[in-house]
Amino acid sequence: MSANVGDRITLHANSVDAPDRIGTIVAVLGTDGPPYRVRYDNGDETILTPGPDATIEPPSVRERLDQATEKATEKATELANDARATAEDVTGRAARTVADAASKIAERFQR
């Protein structure tokens, strides 16, 4: 049974009293299939190899768009944080350079 990250998996209960477990595949751990890391709708995570009582459905277009938006937002936040850190580093170096220059000028005036 082949699946991709983002696919929905339903583990059908073996008895009438138990509910189905429904989740999302968050990682494919095999080279070309199972096992999968699954995050269930209640927040629990597990690693499993689906049996015959499981069905896998690809996400809808809306779900795929939401996933793409989430990934893009995460990447944009990461890039913004990297840019902020670089700017702070550059600003710090510039401030140190100006302070060093001011110190040297002050030393010259004291002579």
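The values are calculated or read from the model by the stated rules, or taken from the named source; none is laboratory data. As the structure is a computational prediction, the values presented were derived from the model and not from experiment. Because the Cβ atoms are built from the backbone with ideal geometry, glycine has one as well, and the counts that use them run over all protein chains shown. With ligands, DNA and RNA removed, areas are computed over all heavy atoms of the protein, side chains included. Shrake-Rupley method; radii C 1.70, N 1.55, O 1.52, S 1.80 Å.
Restricting the first member to region 44-55 and to residues that are within 9 Å of residue 10 (Cα to Cα), and the second to residues that are open to solvent by 60 Å² or more (accessible area, probe 1.4 Å), the beta-carbon pairs closer than 6 Å and six or more apart or on different chains are 53/12. Of all residues in region 1-43, exactly one satisfies the criterion of being of a type in the set (A, V, I, L, M, F, W, C), open to solvent by 50 Å² or more (accessible area, probe 1.4 Å) and without any contact (Cβ under 8 Å) to a residue 12 or more places away in the chain, namely 16. Return the residues of region 49-87 that are touching a strand residue (DSSP E or B) at 6+ places or on another chain (Cβ under 6 Å) and either farther than 21 Å from residue 25 by Cβ or among the polar types (S, T, N, Q) (or both); say none if nothing qualifies. Hit for region 49-87 is 55, nothing else. What do you reckon, is residue 68 loosely packed, with under 11 Cβ neighbours inside 10 Å and either within 20 Å of the chain's Cα centre (by Cα) or part of a loop (DSSP other than H, G, I, E, B) (or both)? Answer is no for this residue.
Could you check, for region 75-83, whether at least one of its residues is outside any strand (DSSP E or B), surrounded by 13 or more Cβ atoms within 10 Å (Cβ to Cβ) and either modelled with pLDDT under 90 or not charged (D, E, K, R) (or both)?
Looking only at region 75-83, we keep the residues that are outside any strand (DSSP E or B), and these are 75-83.
Right, trim to surrounded by 13 or more Cβ atoms within 10 Å (Cβ to Cβ) and you get none.
Within region 75-83, not a single residue is outside any strand (DSSP E or B), surrounded by 13 or more Cβ atoms within 10 Å (Cβ to Cβ) and either modelled with pLDDT under 90 or not charged (D, E, K, R) (or both).
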